[in-house]
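**Student:** Let me begin by handing over the structure; questions about it come next.
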Amino acid sequence: MDNWSVTAPETPRVGFYPACGLDVQESAAILAPFVDRILFCDIDRRRVPDWNRLKRTLPPGPAVDFKCCDARAALVGIPRISVAFHRKDSQGEGGSALSILRGRLAGTILDRFPAEGGLFITDGSNLWGKQLKRLTRASGVPVHLADGIAAIGELGYKQLRLARGVATHRWRLRPAPDQTLLELHGLWIITATKEG
């Protein structure tokens, strides 16, 4: 479970779910239409026996792998991600405080999306203030990357530029036209498109 290598993915569409806990069966079913392989990750080693059991009970669908480590460390061995998935998390007791849509983790994920872009599927776990509202407006929001850190919007870009220098990549995040998962599971599908 602790060794996965995705240096030469045998399937083109890879989903990544950090801080997954035991949220495996329903999440695998949700992700099935979008990916061919799902990489679940959590830092809590107590999950490993449960993961072994859950893996045997999953219905046919995407290939599933588990890794017990920090989300950022797990991404080291993953060159390409098509979908980043995150839900049911918090910044409080027992939560990971991770956000797949801001900071260094978002930057690392965006760096691993294919040139044609990728998807974030999330309930907005661990976003601050009005970030989810900004990310889900029809026009979307620009995201700038510099030194692997993602900054949302123009204000974030100005702060990033002051701290890190000129952004090396620019993405646009906007809600996908089809939001069926929002109605069924409270999950937004957010597209990421590279702008330059």
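The values are calculated or read from the model by the stated rules, or taken from the named source; none is laboratory data. Just so we're clear, the structure is a prediction, and the values are computed from it rather than from any experiment. Neighbour counts are summed over all protein chains in view; Cβ atoms, including those assigned to glycine, are modelled from backbone coordinates with ideal geometry. To get the accessible areas, we keep the full protein, side chains included, count just its heavy atoms, and leave off ligands, DNA and RNA. Shrake-Rupley method; radii C 1.70, N 1.55, O 1.52, S 1.80 Å.
**Student:** Taking Arg134, is it in a strand (DSSP E or B) and either open to solvent by 60 Å² or more (accessible area, probe 1.4 Å) or at pLDDT 75 or above (or both)?
**Tutor:** When the stated conditions are applied, Arg134 does not pass them.
**Student:** So the check is Cβ under 8 Å with 6+ separation or different chains; which pairs have a first residue in segment 87-113 that's open to solvent by 10 Å² or more (accessible area, probe 1.4 Å) and a second one that's modelled with pLDDT of 80 or more and basic (Lys, Arg)?
**Tutor:** Arg104/Arg72; Thr108/Arg72; Arg112/Arg80; Phe113/Arg80; Phe113/Lys194
**Student:** Also, quick follow-up: All but one of (1) in contact with a helix residue (DSSP H, G or I) (Cβ under 7 Å, 6 or more places away or on another chain); (2) open to solvent by 20 Å² or more (accessible area, probe 1.4 Å); (3) not aliphatic (A, V, I, L, M) hold for Cys68; which doesn't?
**Tutor:** Status for Cys68: all satisfied but (2).
**Student:** So, of the residues in segment 158-181 that are buried (at least 16 other Cβ atoms within 10 Å of the Cβ) and in a helix (DSSP H, G or I), which turns out to be modelled with the highest pLDDT?
**Tutor:** Out of the qualifying residues, it is Leu181.
**Student:** So in segment 78-105, with the set limited to residues that are of a type in the set (A, V, I, L, M, F, W, C) and at pLDDT 75 or above, which one is farthest from Lys130 (Cα to Cα)?
**Tutor:** Per the criteria, the residue is Ile78.
**Student:** Quick one: what pairs do we get from segment 49-70, first residue free of Cβ contacts under 8 Å to residues at least 60 places away in the same chain and of a type outside the set (A, V, I, L, M, F, W, C), second surrounded by 15 or more Cβ atoms within 10 Å (Cβ to Cβ) and part of a helix (DSSP H, G or I), C-beta under 8 Å, 6+ apart or different chains?
**Tutor:** Within 8 Å, the pairs are Gly61/Ala28; Pro62/Ala28; Pro62/Leu31.
**Student:** Starting from residues that are surrounded by 20 or more Cβ atoms within 10 Å (Cβ to Cβ) and within 14 Å of Pro12 (Cα to Cα), keep the ones in segment 72-83 and report whichever is nearest to the chain's Cα centre (by Cα).
**Tutor:** Val83
**Student:** Taking Thr108, is it in contact with a helix residue (DSSP H, G or I) (Cβ under 8 Å, 6 or more places away or on another chain), among the hydroxyl-bearing types (Ser, Thr, Tyr), modelled with pLDDT of 85 or more and within 30 Å of Pro49 (Cα to Cα)?
**Tutor:** yes
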